[in-house]
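Asks: Below you will find the structure I want to go over with you.
Read the figures in this text as sums done on the coordinates, not as results from a lab. It should be emphasised that the depicted structure is a prediction, and the values quoted were computed from it without experimental measurement. Neighbour counts are summed over all protein chains in view; Cβ atoms, including those assigned to glycine, are modelled from backbone coordinates with ideal geometry.
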Amino acid sequence: MIYLDNAASTPVHEKVIEEMLPYFREQYGNPSSIHRHGRLANTAIQNARKRIAALVNADINEILITSGGTESNNTAIYGISSQSKGKHIITSSIEHDAILEPCKHLEKEGYRISFLPVDQYGFVNPEDLKKEISDDTCLITIMYANNEVGTIQPIKEIAKIAREKNIIFHTDAVQAVGKTPIDVKEFGIDLLSISSHKINGPKGVGALYIKNGVKISPLMLGGGQERGLRSGTENVASIVGFGMACKLIKDDVNEKMAHFKKLSTRLISRVLSEIPSTTLNGHPDMRIPNNTHFTFLGVSGEDLIIKLDENKISASTGSACSVKIQKASHVLKAMGFSHEQVTGSLRLTVGITNTEQEIDETVDVLKKVVKELRAVSPYKSKYNF
Ligand SMILES: *Cc1c(COP(=O)(O)O)cnc(C)c1O
């Protein structure tokens, strides 16, 4: 079995599992309880929070623990908009649904939402952002790195524009964490979303960095945990595991990035040189090192995924919703791709457990299945396969 869908989720690191186990078996106290069991659980959360904060150079009290990227994004959007007088939000047209859907919901509630366009590489132009800003703008939310094509946005420049206009800037960094160095202070970011299961931690836990001084309202009310910003008994074991996953990245981020880069470079160069009528999507350089995204003209990405799966290789078209409801990728459409280019797209994302041998095996299988699919393609005559 070869797993090349690390942008969708990642294997939980063995050290993360080990770190979590005591919190199921012995240290099961409620972190709000006064007794020893409670105090131990509470200390474990604080230690994890320290590790999460350290990964992005935040202060410990700037980390709100959530149930993952989706909740962090929702908290940023609803938590800020409900605090502000302004009723205008600027985002991009290539965001994850966990940004687009809350924005569209607010649009129905009377907010004005600007969905910034992107170029052929998936870049937002900071000049377009400047033009959209109005007196009514209460939030700018632009993703750090795209989950489909891997393009990294000019975040520093975008944050600077927001700061100059005194507008709160949020970034969905779920795909960027661990793949590019992130420093919220250096970059001037106000809010930043992280998800544990995209960085070899457990699912169902994540964080929202909230810069000191930024006021935000809670999505959930109750016992007042997380300083009133997220009520509900903390998921202690998962939080501890998430903390460990952050520590493991922090310990050898350069090594991990070099490993991703080595594998993806090999994958890209072999695919482009050995499979004709194939393109790499996203920017050639400004991309997270674990992402590859191709278009194989004349074939359907969904057929490719099925063929790869028959060969025990897990891959993706890149857009999660396309699997369920056959919706064409909004990201590729925003990048100006034709229907045919969108259809033929395939995302392969590498992770810490992948090997060079797996990459070579994958390319060999890809060569074979693309050839098979093209032999029966309706576009056969057009491309002369
Ligand atoms: C996976 C992902 C999310 C959602 O995170 P969950 O923890 O699965 O809720 C949000 N944004 C991006 C860019 C993602 O890749």
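Asks: What's the FRET efficiency of D97 with K131 using the Cβ-Cβ distance as r and R₀ = 30 Å, to the nearest 0.05?
Replies: Numbers: r = 26 Å, r/R0 = 0.86.
Calculated transfer efficiency: 0.70.
Asks: Nearest 5 is fine: what % of DSSP beta bridges in the chain come out antiparallel, could you say?
Replies: In the chain, DSSP labels about 55 percent of beta bridges as antiparallel.
Asks: Please report the net charge: other residues with Cβ closer than 12 Å to the Cβ of V12, K and R +1, D and E -1.
Replies: The answer is 0.
Asks: Still on this model: Just in segment 123-223: which trypsin sites (Lys or Arg not before Pro) are loop by DSSP and have at most 10 other Cβ atoms within 10 Å?
Replies: Here the sparse-neighbourhood loop sites are K215.
Asks: Taking Cα atoms, how many degrees apart are the long axis of helix 155-164 and the longest axis of the chain, rounded to 10 and kept between 0 and 90?
Replies: Compared with the principal axis, the helix lies near 40 degrees.
Asks: Leaving out same-chain residues fewer than 8 places away, which lysines sit with a Cα under 19 Å from that of K87?
Replies: K87 reaches K104, K108, K130, K131, K165, K215.
Asks: So if I take the alpha carbon set of segment 195-348, get Rg, then get Rh from the Kirkwood formula, what is the Rg over Rh ratio?
Replies: 1.06
Asks: Moving on to the next point. Using amide H atoms built in the peptide plane, which far-off residues or other-chain residues are under 5 Å from T66 H to H?
Replies: G206, A207, L208
Asks: For segment 272-345, give the magnitude of the charge dipole about the Cα centre (Cβ charges: +1 Lys/Arg, -1 Asp/Glu; no others), in debye to the nearest 20. Display every interim value, and only then the final one.
Replies: Details: 6 positive and 7 negative charges, 53 e Å.
Here segment 272-345 has a charge dipole of around 260 debye.
Asks: I would also like to ask the following. On a 0 to 90 degree scale, rounded to 10, what angle separates helix 69-81 from the longest Cα axis of the chain?
Replies: Between helix and principal axis, roughly 60 degrees.
Asks: Please give the FRET efficiency for F24 paired with M286, using the beta carbon to beta carbon distance and R0 = 51 Å, rounded to the nearest 0.05.
Replies: 0.75
Asks: Once you have the Kirkwood Rh of the chain from its Cα pairs, apply Stokes-Einstein at 4 °C and 1.567 mPa s and quote D in µm²/s.
Replies: Here the translational diffusion coefficient equals 60 µm²/s.
Asks: Further question on the same structure: In Å, the Kirkwood hydrodynamic radius of segment 1-75 over pairs of distinct alpha carbons?
Replies: This gives a value of 14.7 Å.
Asks: List every residue whose amide H lies under 5 Å from the amide H of R112, counting only residues 5 or more places away in sequence or on a different chain, with H placed 1.01 Å from N in the peptide plane.
Replies: For R112, the qualifying residues are H88, I89.
Asks: Next question. Between E356 and T233, how high is the FRET efficiency from 1/(1 + (r/R0)^6) when r is the Cβ-Cβ distance and R₀ = 45 Å? Nearest 0.05.
Replies: Numbers: r = 44 Å, r/R0 = 0.98.
Computed FRET efficiency for E356 and T233: 0.50.
Asks: If all Cα-Cα distances of segment 1-140 are sorted into 5 Å bins from 0 onward, what percent lands in each bin, rounded to whole numbers?
Replies: Answer for segment 1-140: a P(r) of 2, 8, 12, 14, 15, 14, 12, 9, 8, 5, 2, 0 percent.
Asks: Farthest toward the dipole's positive end in segment 14-249, which of A98, V16, N74, given Cβ charges of +1 (Lys, Arg) and -1 (Asp, Glu) about the Cα centre?
Replies: V16
Asks: Let me ask something additional. If you fit an axis through the alpha-carbon atoms of helix 36-56 and take the longest principal axis of the Cα set of the chain, what angle between them do you get, 0 to 90°, nearest 10?
Replies: 50 degrees
Asks: Based on Cα coordinates alone, diagonalise the gyration tensor for segment 179-257, multiply each eigenvalue by 5, take square roots, and list the semi-axes in whole Å, largest first.
Replies: Each semi-axis is the square root of five times an eigenvalue, giving 24, 18, 8 Å.
Asks: Hey, what's the Cα Rg ratio for segment 109-199 versus the globular rule of thumb, 2.2 N^0.38 Å?
Replies: Ratio of Rg to 2.2 N^0.38 Å for segment 109-199: 1.07.
Asks: Any lysines with Cα under 19 Å of the K307 Cα? List them, leaving off those in the same chain fewer than 8 positions away.
Replies: Hits, sequence-local ones excluded: K324, K367, K368, K371, K380.
Asks: Oh, and also: Could you pull out every one of the aspartates and glutamates with an alpha carbon less than 16 Å from that of K333, ignoring same-chain neighbours closer than 8 positions?
Replies: E95, D97, D119, E148
Asks: Using only alpha carbon positions, build the gyration tensor of segment 212-297, then give the equivalent ellipsoid semi-axes as the square roots of 5 times its eigenvalues, largest first, whole angstrom.
Replies: 41, 18, 12
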